[in-house]
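Chemist: Structure below; questions to follow.
The values are calculated or read from the model by the stated rules, or taken from the named source; none is laboratory data. All of these numbers come straight from a predicted model, not from anything done at the bench. Positions of Cβ are backbone-derived with ideal geometry, glycine not excepted, and every protein chain shown enters the neighbour counts. To get the accessible areas, we keep the full protein, side chains included, count just its heavy atoms, and leave off ligands, DNA and RNA. Shrake-Rupley method; radii C 1.70, N 1.55, O 1.52, S 1.80 Å.
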Amino acid sequence: MDLSKYFIKAPLIPAIVQDAASKEVLMLAYLNEESMRKTIETGYTWFFSRSRNELWNKGATSGHVQRVIRMTGDCDDDTLLIEVEQTGPACHTGNKTCFYQDRIPVSGDVAESKECASAPEDKTGTGAPSCIESGSGVNGDATALEELYQVVLERHCTYTENSYTCYLFEKGLDKILKKCGEECSEVIIAAKNASLLTGDHKQSAMEDTKNEICDLLYHLTVLLVNEGIRLDEINGILKERSRKIGNLKTFHTTDHNS
């Protein structure tokens, strides 16, 4: 494969690395032609270190590898977008992303509500919500899970090119269920591995467990939207169960004291 068109302007090309599932930007790094070829051939990210003047395979020593889902060039072929499946934290500091520091305030930095201009027909036959209403649920009081649900809902009603979420909806229920099963297994493995470690190793392994749980919650959220189940329905069931558990505790306490 001829990769020369990406290196006409310079010997190195910057690459934005993005989580394929959450769309969170993880890091920025540089590739030369050799590291780009290795990335294509192995399916895992390889970069060129400007400080060490050598190739490096992301996660080779830490185990926090990046499996490439897709890689695309921009309109001028001088920047890459690499969407990956990240294992563990992406940043060498142990943070999930390299962009974890406080936001730099900018004049006019406000969150704008979005409207879904057109809603596709419900393909599931389950009455799945086909479009997000403007401003519904995404505000300063919304939890991260509520915000995630709204983003996934947007993807359900508006096709976005190169979106992993749209890819899951396109593949359908069987693919979504398969991913839920895989992520559930990875949570179990990560938690079991963490239980066997101590000290700094345990802390790092616990971060892996947290990230795997987030991956599972994301795929379960896709399942909710695909099947037309609203997040407030789940919240209602959980609250009802919580009340039952509370009543059961009261019953046992009263019974014991009598």
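Chemist: Please list D19, D78 from largest to smallest accessible area, probe radius 1.4 Å, with all protein chains kept in place.
Modeler: D78, D19
Chemist: When the accessible area of region 1-78 is computed with all protein chains present and a 1.4 Å probe, what percentage of it is carbon and sulfur?
Modeler: 51
Chemist: Hey, another quick one. What nm distance separates the two modelled labels at T42 and T160, each placed 7 Å from Cα along Cα→Cβ?
Modeler: 3.0
Chemist: Further question on the same structure: Using 0.36 nm times the number of residues separating E147 and R67, minus their current alpha carbon distance, what extension gain do you get?
Modeler: Stretched out fully, the E147 to R67 stretch lengthens by 26.2 nm.
Chemist: Considering only protein heavy atoms, what per residue accessible area in square angstrom results for region 160-242 with a 1.4 angstrom probe?
Modeler: Averaged over the residues of region 160-242, the accessible area is 60 Å².
Chemist: Hey, rough spin-label estimate for C75 and D2, points 7 angstrom out along Cα→Cβ, what's it come to in nanometres?
Modeler: So the two model labels end up 2.4 nm from each other.
Chemist: Also: Round to the nearest 0.05 the FRET efficiency obtained for T198 and K239 when R0 = 30 Å and r is the Cβ-Cβ distance.
Modeler: Efficiency at R0 = 30 Å is approximately 0.20.
Chemist: Largest first, how would R50, R70, R37 line up by accessible area (1.4 Å probe)?
Modeler: Correct descending sequence by accessible area is R50, R37, R70.
Chemist: Another one. In region 145-190, what percent of the accessible surface is made up of carbon and sulfur (1.4 Å probe, ligands and nucleic acids excluded)?
Modeler: 55
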